[in-house]
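Please treat every number below as a calculation from the coordinates, not as lab data. What you see is a predicted model; the values in this text were computed from it and never measured. Ideal geometry is used to build each Cβ from the backbone, glycine not excepted, and the neighbour counts take in all protein chains shown.
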Amino acid sequence: MDKRRTRTDAELERQYRDAFYEAVGSGRLSIGQAVAAMRRISKLTQPEFARHRGLSVQILRRIEADNANPTVDTLEKIAGIFGLQVGFVPKRSDSISARDLMPIAQQRAEGERRSE
């Protein structure tokens with residue numbers, strides 16, 4: 001069974017990506033949560049994403065669970081396709097999870113529809 005999420009609403013997709021980039025840029029996502037969000041944006045399963053980025057599934061799972069200490073090279077492999085680079089961001093106490101991005105995106109998309 002295909003476990004990929006199917007989002008067909010283009011506005012919701014855009015809002016999800018925008019919420020992701022905002023959360024990453026502000027330091028509200030841990031590395032693991034950011035990687036999980038990138039995989040979800042890609043609509044790939046863990047095995048597919050790992051293969052696509054040249055990682056083992058076990059390493060990807062550990063990274064997404066924040067139980068790994070990935071090298072900068074590994075992080076660059078993952079983040080490069082999203083136009084991101086490894087760097088420093090301010091540490092925040094109000095962090096969010098990758099799953100929190102969808103409700104944020106849905107609220108924004110609904111707001112966009114109402115303003116049209």
- Message: Run the simple label-point estimate for GLU48 and GLN106 please: 7 Å along Cα→C-beta, distance reported in nm.
- Response: 2.2
- Query: Where does the chain land at 222 nm, in deg cm²/dmol rounded to the nearest 500, when only DSSP H runs of n ≥ 4 count, each adding -39500 (n - 2.57), divided by all residues?
  - Reply: -17500 deg cm²/dmol
- Item | Linear extension gain, VAL89 paired with SER56, 0.36 nm per residue minus alpha-carbon span | 9.2 nm
- Label-point separation in nm, ILE81 to ALA10, each point 7 Å along Cα→Cβ: 2.3
- Query: Size of the chain along its principal axes in angstrom, Cα-based, largest extent first?
  - Reply: 45, 39, 21
